[in-house]
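The values are calculated or read from the model by the stated rules, or taken from the named source; none is laboratory data. It should be emphasised that the depicted structure is a prediction, and the values quoted were computed from it without experimental measurement. FYI the Cβ positions are ideal-geometry reconstructions off the backbone, even for glycines, and counts take in every protein chain you see. All accessible areas refer to the heavy atoms of the entire protein, side chains included, with ligands and DNA or RNA removed. Shrake-Rupley method; radii C 1.70, N 1.55, O 1.52, S 1.80 Å.
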Amino acid sequence: MSPEPPAQPDRKGNDRELRRGSLELAILHLLSSGEAYGYEIVSKLTARTNGALEITDGTLYPVLYRLERAGFVNVRWETPGRGVPRKYYDLTETGRAELARLTREWTMFAKAMTDLLRSEEEPT
Amino acid sequence: MTMTADDYVTNVLNAMPAATPRRAQIAAELRGHIAERLESGQPLETILRGLGAPAQLAASYLSEVPLASAPLGARAAAKLADVCLPVAMAIPIVLLGWLEWGNAFLPFGIAIMFGGGGLLFWIYTVVAEWQSGQTVGKRLFGMIVVREDGARISGGQAVVRQLPVLFQFFWIDVLFALFTERRQRAFELLSKTRVVVAPRPD
């Protein structure tokens, strides 16, 4: 009987966590300049990143749900003239602290990766 | 048949346990989002594709709610409460029968209590867990039955969970909960369900 292959790390899970983490940072950052509603957040994220960070609606809303449950955002409902209610999201103080933490982590990670890639490009 | 926006939202909600926090808000927000996209000129089919399959979207929401296995002591207490309730209801009936028809009623009354009452109790448990994820006992002790991913359980899963009670090997099945990581009984593992602490209400 051949031995079992070594266990592989859950790459799909890691990718999902990385995407989810970066999306959380992007949303908190976007909300730091003022409140916004779901559709507006998707549009702004797509526009400000020239489409590089195009997220599906099905990905955005569960993340907003988590941010709300974690107390990082406040919500308020408003019904404009056309009668369909909109849910506006706004950063709380805890949300601002979380944004600062995530920004620090992301900057350190990005710098480390950039340094690594640059060092490998340079001839030894 | 084409799915309407309301059908879509209903399907998302149906895939979530009744105790999911902010269900009504999720529905209102999804309806608002679909209306917003429709106003911007997008076809409904494209909008719903962007949101993903209803069950998948529900699972994404539910993955944001951490699941904590219900403590075994609380589960035992909930089961006891569930059993006490029908027994408390049956005893006066048997007593009344005994007073009315005397000792001849007792074997008949006890058979009805354990056989018929037991079957009704089993059916009640299956229906309650299927419909709301909670029996009276589970509601009292703040726990809920869900799929392993947190979604609402199906009728088939509700039946499989309770087979050990029906076929009288409940105690062997329960022993598994002492040794499994998520405190699951053998038939909970089989039905891919678990009992978790009910999320805080809105």
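Per-structure values
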item: Which listed residue is more than 14 Å from chain A (Cβ to nearest Cβ), surrounded by 12 or more Cβ atoms within 10 Å (Cβ to Cβ) and out of contact with any Lys or Arg (no Cβ under 6 Å at 6 or more places or on another chain), from B:A76, B:A88, B:A111; result: B:A76
item: Residues of region A:73-87 satisfying the condition of being at the interface with chain B (Cβ under 10 Å from one of its Cβ atoms), of a type in the set (V, I, T) and touching a strand residue (DSSP E or B) at 6+ places or on another chain (Cβ under 7 Å); result: A:V75
item: Test: residue in region B:116-135 that is in contact with a Ser or Thr (Cβ under 6 Å, 6 or more places away or on another chain), outside any loop (DSSP other than H, G, I, E, B), under 21 Å from B:A77 (Cα atoms) and small (G, A, S); result: yes
item: Test: residue in region B:11-18 that is in contact (Cβ under 8 Å) with a residue 12 or more places away in the chain, more than 13 Å from every other protein chain (Cβ to nearest Cβ), open to solvent by less than 60 Å² (accessible area, probe 1.4 Å) and part of a helix (DSSP H, G or I); result: yes
item: Complete set of residues in region B:39-59 that are surrounded by 18 or more Cβ atoms within 10 Å (Cβ to Cβ), over 17 Å from A:V63 (Cα atoms) and at the interface with chain A (Cβ under 9 Å from one of its Cβ atoms); result: B:I47
